[in-house]
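Comments concern the structure below.
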Amino acid sequence: MKKRILCAALAAVLSLAGCGNSIGSDDNKITVATESANSVSDGETQKAEEETTTTTTTTTTTTTTLVTTSAPVEVETYDYISGCIVADAGTPLVRAMEGYYYSPDVGDYLAETVDNFAAAVGGDTKTYLMCIPSSQAFYTPAELQGEYADQTESTQDIYGKLKNSEGVFVNQFLNEHKAEYLYSRSDYHWQPLAAFYSARIFAEQAGVPFAEYNTYEKVDREGYLGAFYTVNDIEALAEYPDTFTYYKPANLDKCTFLSHDSYFNEGYETSLFFEDNDISSSYTVFVGTDDQILEVNTDAANDRVLVIFKDSYGNALLPFLTSSFSKIYLCDTRFFETSAVSFCQQVGATDILFALGSASSTSFDKISYIEDIMY
């Protein structure tokens, strides 16, 4: 119990640190597209909407230049700041990244743990593991690439060990689209566009319908400076903040959302999107918090029930699966206080997805959360 309390406290601190305080005197702006987002074609960089409606929030930030493309710079540069890789400082493509390390022993542990979970749930339930790469997998300067483990190879190693479950391999597709705005440059997390691509790969593998890109309403939040700035104090990011772009599904009004506590007691009605959140906490715009079990009832015309066990990376997947499953439960392994196996059986899960960012899928301690909640 002490371990779980400590985990919850640390997660809360990181969440609050990532939200940050106001850092300037000019109004933040949230730009909402007036039409549905256009389709994304292969290799096409993300473009700003020509026709927009602008509203002003009460939060503040500095006025800086915004970029919405990740075309390569002519000459790569890098430095180490606050324990992070900082590439291309002084250019619109400045980006902070965490280093990535992998041990085959950790891979063994993750594969065995997910397989054990799948076997314990039993029945016809299908279990999947999505190891979500970090930005370092795609944007590390060439000179440094040999210094870190290869995330694609590591993921393939983990998936090759699975016996009772399936790996959802997204690395290759994301690499092919890395010129698009897939990852925030100022934050640890991926952009929702990368989550869209990954959700589509998962939906195809699970054999469920999927709503394509042009069916979503696209919303831009400009001036986003994430945790690499607010927590790691990497000042080089301030001149060129991110544009955080998220997407609202067309069937949003036909879905209902219930927030349950971590013991799955009776829930209360809530929302999928929390759009009043400060610009610096833009990644929390969907779901809003991790310390809940979120129940989603959709209008998908099937009997598929998906349970997602995730870290914060998994939050971004949810909006893209509301047309794929009739019911979805979003559960954070750090804040789950009942038997996860019994829970999956109780809600009639047909599909289980473990969606873990690279920091979770390569850590003995974070993988142990899955064991802790199993029974």
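The values are calculated or read from the model by the stated rules, or taken from the named source; none is laboratory data. What you are looking at is a predicted structure, and each value in this text was computed from that prediction instead of being measured. Reconstructed Cβ throughout: ideal geometry from the backbone, glycine too, with neighbour counts over all protein chains shown. Keep in mind that these areas ignore ligands, DNA and RNA; they rest on the heavy atoms of the full protein, side chains included. Shrake-Rupley method; radii C 1.70, N 1.55, O 1.52, S 1.80 Å.
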**Message:** Regarding region 176-194, can at least one residue be identified that is surrounded by fewer than 17 Cβ atoms within 10 Å (Cβ to Cβ) and of a type outside the set (Lys, Arg)?
**Reply:** yes
**Prompt:** For region 306-321, does any single residue satisfy the condition of being part of a loop (DSSP other than H, G, I, E, B), more than 19 Å from Thr215 (Cβ to Cβ) and either of a type outside the set (Val, Ile, Thr) or modelled with pLDDT of 95 or more (or both)?
**Reply:** yes
**Prompt:** Is one or more of the residues making up region 331-341 open to solvent by less than 40 Å² (accessible area, probe 1.4 Å), among the aromatic types (Phe, Trp, Tyr), assigned to a loop (DSSP other than H, G, I, E, B) and closer than 21 Å to Cys131 by Cα?
**Reply:** yes
**Prompt:** Filtering region 179-197 down to residues that are part of a helix (DSSP H, G or I) and of a type outside the set (A, V, I, L, M), which residue is farthest from the chain's Cα centre (by Cα)?
**Reply:** Tyr197
**Request:** Kindly indicate whether any position in region 135-147 is out of contact with any helix residue (DSSP H, G or I) (no Cβ under 6 Å at 6 or more places or on another chain), of a type in the set (Gly, Ala, Ser) and modelled with pLDDT under 95.
**Result:** yes
**Asked** When only residues in region 294-328 that are touching an Asp or Glu at 6+ places or on another chain (Cβ under 9 Å), of a type in the set (Ser, Thr, Tyr) and open to solvent by 10 Å² or more (accessible area, probe 1.4 Å) count, which is nearest to Glu371 (Cα to Cα)?
**Response** Ser312
**Message:** Take the conditions more than 14 Å from the chain's Cα centre (by Cα) and modelled with pLDDT of 95 or more and apply them to Asp150. Does it pass?
**Reply:** yes
**Fill in**
Taking region 80-93 and keeping residues over 17 Å from Gln145 (Cα atoms), part of a loop (DSSP other than H, G, I, E, B) and not polar (S, T, N, Q) leaves Ala89, Gly90, Pro92, Leu93
**Message:** Give me the residue from region 74-104 that is aliphatic (A, V, I, L, M) and open to solvent by 40 Å² or more (accessible area, probe 1.4 Å) and, out of that set, modelled with the lowest pLDDT.
**Reply:** Val75
**Prompt:** Is it the case that region 359-368 has a residue that's in contact (Cβ under 8 Å) with a residue 60 or more places away in the chain, open to solvent by less than 10 Å² (accessible area, probe 1.4 Å) and not charged (D, E, K, R)?
**Reply:** yes
**Request:** Confirm whether Phe286 is open to solvent by less than 30 Å² (accessible area, probe 1.4 Å) and among the aromatic types (Phe, Trp, Tyr).
**Result:** yes
**Prompt:** Looking at region 115-135, is at least one residue open to solvent by 10 Å² or more (accessible area, probe 1.4 Å) and aromatic (Phe, Trp, Tyr)?
**Reply:** no
**Asked** What residue, among those in region 261-283 that are polar (S, T, N, Q) and more than 21 Å from Thr215 (Cα to Cα), is surrounded by the fewest Cβ atoms within 10 Å (Cβ to Cβ)?
**Response** Asn265
**Asked** For residues in region 234-260 being closer than 14 Å to Val94 by Cα and either aromatic (Phe, Trp, Tyr) or over 18 Å from the mean Cα position of the chain (by Cα) (or both), which is most open to solvent (accessible area, probe 1.4 Å)?
**Response** Glu235
**Message:** Can you list residue pairs whose Cβ atoms sit under 6 Å apart, with the first residue in region 335-356 being closer than 16 Å to Asp261 by Cα and the second being charged (D, E, K, R)? Count only pairs 6 or more apart in sequence or on different chains.
**Reply:** Phe335/Asp290; Phe335/Asp291
